[in-house]
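Trainee: Could you have a look at this structure, given as structure tokens, before my questions?
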Amino acid sequence: MKPNRAEFEKLALEQLDTLYRLARRLTRNAATAEDLVQETYLRALKAQDGFVLQEYGIRPWLLRIMHNLWSSTAQRQKRGPQAVEDEQLESAASNVPAPLPINLASNDAMDERLVKALDDLPPEYQSVIHLWAIEDCSYQEIADALEVPIGTVMSRLHRARARLSQQLHGLAVDEGIIRE
Amino acid sequence: MSQMEPQSDEIQLKQAIGRAWGKKAAPLDLRNRITGMIVQQSPAARSTVLRMPLSPAPSLNFAGLAGLAIAAGMLLALGLVTAALLNGSSSSPALVGTGLPGEVANSFVYRHDACCQAKDHHLLQGINNDSLSAVARAMSAELNVPVVATPIDGWLFAGAGRCRVWGYPSAHLLYRHEGQTLSVFSIPQSSLPSITDNRDYEATLNGHPLAAFSHAGGLYCVVGYAADDSISPAQVKDIRDKLRDNFPAVAVDSLAPGVAGNYH
């Protein structure tokens with residue numbers, strides 16, 4: 001289905017918060033994030049004639065525009081996230097899927113440690129885990145947004161969790177929350 | 001890993017990540033800007049989409065009457081857009097003026113407002129920020145177009161930065177005078193849509209007078225703002241005219257390599 005202009009604008013505006021949050025995650029800078037969101041909407045408005053509403057709505061389409069925009073900007077500036085092969089990412093993470101080592105439900109100190117552990121993840125993992133955990137995107141939506149196969153989404157998520165588990169286990173031991 | 005029934009530790013992890021990273025809403029001013037930008041999508045901006053298929057001799061691509069009918073329709077659409085432009089009528093309630101595409105004007109205004117909020121706009125690392133000639137030389141070499149960096153009568157130079165407009169790098173000089181703020185942007189024309197060389201542009205957008213000129217491959221845009229509306233379009237236009245009349249005779253090729261830096 002091809003939405004008319006008014007429908008398109010309404011759908012697009014509904015995703016502003018989602019886009020802003022991902023932009024903050026990608027850029028780690030409020031002003032740059034706002035620029036990125038604005039540029040994403042400009043591109044989306046220009047490209048709206050080619051947009052067709054599908055199963056997951058407009059969200060993956062807008063996220064894909066933003067992700068591509070940021071990737072090309074980062075490459076141009078030779079800063080920010082660089083393309084990293086999954087093999088490289090894999091070597092940085094544990095191959096063994098570990099259960100989460102501690103109770104994450106109510107521990108303020110652990111939240112701080114979790115922030116650090118999350119922020120230490122490679123950007124490719126952060127994007128996936130952000131879309132999965134914060135935006136509650138399905139694997140297929142994440143795959144569409146990042147233009148990677150669904151299997152890559154699942155493996156990145158799996159490895160990100162393994163890595164978090166690894167790091168938080170060490171932190172939990174350091175804090176005396178659990179014993180080795 | 002099944003998505004059908006999330007395991008309890010998945011839910012727990014999602015909640016913990018939610019707490020750690022937060023789920024912030026977009027700032028209100030960003031929301032206003034995006035909403036305004038959508039409203040300001042003028043026929044001028046959309047006309048580029050209409051024009052593109054016409055340029056490579058469309059009749060060659062069409063067969064018979066159907067092709068002619070489509071071509072005629074496109075020409076009619078282009079004619080309507082052109083007529084709207086010639087009449088100076090814009091669908092935008094906020095943008096007044098001609099020539100400068102609404103979204104580009106919006107991008108200049110956005111950057112002006114965002115940078116005015118900075119405590120210090122001396123943002124160029126490796127360059128003496130208080131030396132306008134040093135700023136001009138370094139940024140000209142970096143952008144590959146002459147950069148306008150000059151004192152402006154009655155205005156206090158408040159610093160320069162590498163700032164993005166329309167997603168592309170520009171040299172942004174900020175000036176202040178009592179409650180008024182003034183920006184002078186230098187940006188390659190190639191970064192912007194629908195800009196032609198040796199032309200003046202004027203517009204007013206959301207209380208911000210803009211006046212620009214294009215020359216020597218660059219677009220030079222002056223943006224003013226005062227909360228009490230004490231800066232007029234005529235003042236900004238006058239400043240633009242002075243900058244244009246004293247345009248720096250800088251040979252970019254002769255400049256030393258600039259200091260590459262990050263644009264915000």
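Trainee: Between B:Asp29 and A:Asp119, what is the label-to-label distance in nm when each label sits 7 Å out along the Cα-to-Cβ direction?
Mentor: A separation of 2.4 nm, rounded to one decimal place.
Trainee: Straight-line reach only, C-alpha to C-alpha below 16 angstrom: list the lysines that A:Lys46 could link to, leaving out same-chain residues fewer than 8 apart.
Mentor: A:Lys2, A:Lys10
Trainee: Turning to a different aspect of this structure: Could you give the distance between the Cα centres of the stretch B:185-225 and the stretch B:102-165, to the whole Å?
Mentor: Going from one Cα centre to the other spans 14 Å.
Trainee: According to a simple spin-label model (label point 7 Å from Cα along Cα-to-Cβ), what is the distance in nm between B:Asp197 and A:Met1?
Mentor: 5.0
Trainee: Per-residue counts of other Cβ atoms within 10 Å, averaged by peptide: what ranking do you get for A:161-168, B:233-240, highest first?
Mentor: Taking the mean over residues of other Cβ atoms within 10 Å, the ranking is A:161-168, B:233-240.
Trainee: What distance in nm separates the two pseudo spin-label positions at A:Asn68 and B:Lys119, each 7 Å out from Cα along the beta-carbon direction?
Mentor: Between A:Asn68 and B:Lys119, the simple spin-label model gives 4.0 nm.
Trainee: Could you compute the net charge surrounding B:Ala171? Neighbours are other residues with a C-beta less than 12 Å from the C-beta of B:Ala171; K and R count +1, D and E count -1.
Mentor: That sum, taken over residues with Cβ under 12 Å, equals +3.
Trainee: Taking the dipole about the Cα centre of the stretch A:5-77, with the C-beta of Lys and Arg at +1 and of Asp and Glu at -1, give me whichever of A:Leu62, A:Leu16, A:Ala33 is farthest to the positive side.
Mentor: A:Ala33
Trainee: Quick check on packing: order B:151-163, B:101-113, A:28-40 by the mean number of other C-beta atoms within 10 Å, highest mean leading.
Mentor: Highest-to-lowest ranking by the protection proxy: B:101-113, A:28-40, B:151-163.
Trainee: In µm²/s, what is D for the stretch A:5-77 at 4 °C and 1.567 mPa s, where D = kT/(6 pi eta Rh) by Stokes-Einstein and Rh is the Kirkwood radius from Cα pairs?
Mentor: This corresponds to a translational diffusion coefficient of 105 µm²/s.
Trainee: In addition: Pull up the cross-link candidates among the lysines for A:Lys116, meaning alpha carbon to alpha carbon under 26 Å and not fewer than 8 places away within one chain.
Mentor: Partners found: A:Lys78, B:Lys14, B:Lys23, B:Lys24.
Each value in this text was obtained by applying a stated rule to the coordinates, not by laboratory testing. Computed from a predicted model, the values in this text were never measured in an experiment. Every residue, glycine as well, gets a Cβ built from its backbone with ideal geometry; the counts of neighbours run over all protein chains shown.
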